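Below you'll find the structure, written out as structure tokens, and then a few comments.
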Amino acid sequence: MTDYLGLLRLDGRIALVTGGGNGIGRATCHALAQAGAHVAVTDVDQVAAEKVAAEIGGEAHRLDVAEEAQVREVVDALADGHGRLDILVNNAGLGARVPSVELATERWRQVLAVNVDGGFFCAREAGRHMLGAGRGAVVNVASIMGLVGGAHYPNLAYHTAKGAIVNLTRALACEWAPQGVRVNAVAPTFARTRLTEPLLADAAMAARLMQDTPMGRFVEAEEVASAILFLASDAAAMITGVTLPVDGGWTAR
């Protein structure tokens with residue numbers, strides 16, 4: 001008889017989470033660790049990464065995902081040190097909430113470098129190890145902004161980057177499926193994190209965003225982490241190439 005709850009266990013698996021020092025990343029580190037994984041918490045903020053690693057009994061690495069050489073060094077050190085790499089969660093991200101005609105080229109490139117280049121660098125380096133082993137799961141953190149065109153304010157670079165992550169997920173899933181590596185994504189709506197705190201502090205804006213959410217509330221970081229845990233686990237063994245909205249019905253409207 002199938003042990004359905006057991007399919008969610010990650011005992012003995014090695015996981016790497018980018019942007020793990022706060023918000024959805026931190027919640028994801030806790031979820032994977034509670035399911036039995038050994039989690040490498042990576043973040044551009046070393047202190048934040050170390051704090052989360054101490055909370056879950058994992059390990060911490062400073063990582064700027066936009067730096068290709070750093071990504072290769074951290075991924076290789078983790079995989080070589082533990083003899084395997086089973087799970088990658090591409091969570092590190094950055095936005096730029098300014099009108100498009102005022103969006104500086106430098107800021108545009110920075111947002112795409114962190115979200116798109118960083119997601120690709122991490123997937124590519126993790127993929128080298130996973131494909132060699134014939135197993136692995138990548139979960140990219142996209143956004144509802146990768147599935148729709150607007151959200152009451154301009155955020156062009158972020159919309160563009162998260163849309164790219166959605167198709168990066170599909171393309172890698174198709175390429176890597178024959179070799180046993182699954183690639184999926186989650187697309188959260190607004191969660192109260194450090195990234196969204198300035199936006200949601202505007203009561204009128206928060207009310208408009210809430211009105212567009214059929215379930216009538218913002219998502220909790222732990223709810224996104226639960227979806228990531230599912231996609232990373234054997235409970236989702238036949239799921240690849242999917243972007244799963246965790247949005248209270250936002251994209252169903």
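What follows draws every value from the coordinates through simple rules; no lab data is involved. Quick caveat, the model's predicted, so the values are computed rather than measured. So basically every Cβ, Gly included, is an ideal-geometry build from the backbone, and we count neighbours across all protein chains shown.
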Hydrodynamic radius by Kirkwood, which averages 1/r over all alpha carbon pairs of the range 45-191, in angstrom:
16.1 Å
For the chain, what is Rg from Cα atoms divided by 2.2 N^0.38 Å, rounded to two decimals?
0.96
Estimated vicinal HN-Hα couplings, Hz - the range 238-253 in sequence order (Karplus 6.51, -1.76, 1.60; Gly, Pro = x):
10, 10, 8, x, 9, 10, 9, x, 10, 9, x, x, 3, 7, 8, 5
List the extent of the Cα atoms of the range 1-68 along each of their three principal axes, largest first, rounded to whole Å.
46, 25, 19
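Add -39500 (n - 2.57) for each DSSP H run of 4 or more in the chain, then divide by its residues: what number comes out at 222 nm, to the nearest 500 deg cm²/dmol?
Rounded to the nearest 500, it is -13500 deg cm²/dmol.
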How long is the gain from Ala206 to Lys51 if the chain were fully straight, where each residue apart is worth 0.36 nm and the alpha carbon distance is subtracted?
52.8 nm
Each residue of the range 127-137 in turn: what ³J(HN,Hα) in whole Hz from Karplus with 6.51, -1.76, 1.60 and θ = phi - 60°, glycine and Pro shown as x?
x, 4, 6, 5, 5, x, 8, x, 7, x, 9
Note down the Stokes-Einstein diffusion coefficient of the range 75-120 in µm²/s, whole number, using a Kirkwood radius over alpha carbon pairs, 20 °C, and 1.002 mPa s.
168 µm²/s
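Using mean Cβ contacts within 10 Å as the protection proxy, how do 157-164, 219-226 order, highest first?
157-164, 219-226
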Quick one: if you stick a label point 7 Å off each Cα along the C-beta vector at Arg192 and Thr105, how many nm between them?
4.1 nm
Looking at the range 29-110 from every direction and averaging, what is the projected area of its Cα convex hull in nm²?
6.6 nm²
From the P(r) of the range 68-145, could you give the percentage of C-alpha pairs in the tail past 18 Å?
47 percent
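Arranged from highest to lowest average of other beta-carbon atoms within 10 Å per residue, in what order do the peptides 105-115, 202-212 appear? Could you put the intermediate results ahead of the total?
Numbers: 105-115: 16.8, 202-212: 13.1.
Ranking, from highest mean packing down: 105-115, 202-212.
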Sorted peptide list for 184-197, 136-149, criterion being average Cβ within 10 angstrom, highest first
136-149, 184-197
Rotationally averaged projected area of the range 153-245 (alpha carbon convex hull; nm²)
6.9 nm²
